1. Once amide H atoms are placed 1.01 Å from N in the peptide plane, what residues at a sequence separation of 5 or more from ALA37, or on another chain, have their amide H within under 5 Å of its amide H?
2. Counting other C-beta atoms within 10 Å, and keeping those with at most 15, which DSSP coil trypsin sites (Lys or Arg not before Pro) do you find in region 19-74?
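No value in this document is a laboratory result; all are computed from the given coordinates. In this text the structure is predicted, and so the values were computed from the model without any measurement. Virtual Cβ from ideal backbone geometry, glycine too; neighbours counted across all protein chains shown.
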Amino acid sequence: MLTLKGEKREEKTDATAHVTERRYGRFQRSFRLPDNADHTAIAARVDNGVLRVVIPKNPNAVPKARTIPIAGKT
């Protein structure tokens with residue numbers, strides 16, 4: 001499970017009006033990681049307010065082969 005936590009702080013003031021808009025608060029998001037994720041090599045960085053999280057695959061993970069039956073007319 002990967003959990004991201006953060007806090008937004010933003011304030012906008014319009015110089016021509018007497019209005020101030022504020023958006024703020026804490027947030028938390030959780031994501032379930034796939035079985036083949038390499039949890040020791042997860043990296044994250046922020047560029048221009050965008051969070052980029054890289055979760056590489058584990059090179060030793062063996063993919064599971066499965067057969068999916070197709071239903072319908074033939």
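1. Under 5 Å from the amide H of ALA37 lie the amide H atoms of ASN58, each far enough along the sequence or on another chain.
2. Numbers: sites: ARG22, ARG23, ARG26, ARG29, ARG32, ARG45, ARG52, LYS57, LYS64, ARG66, LYS73; in loops: ARG32, LYS64, ARG66, LYS73.
Those that pass, being in a loop and sparsely packed, are ARG32, LYS64, ARG66, LYS73.
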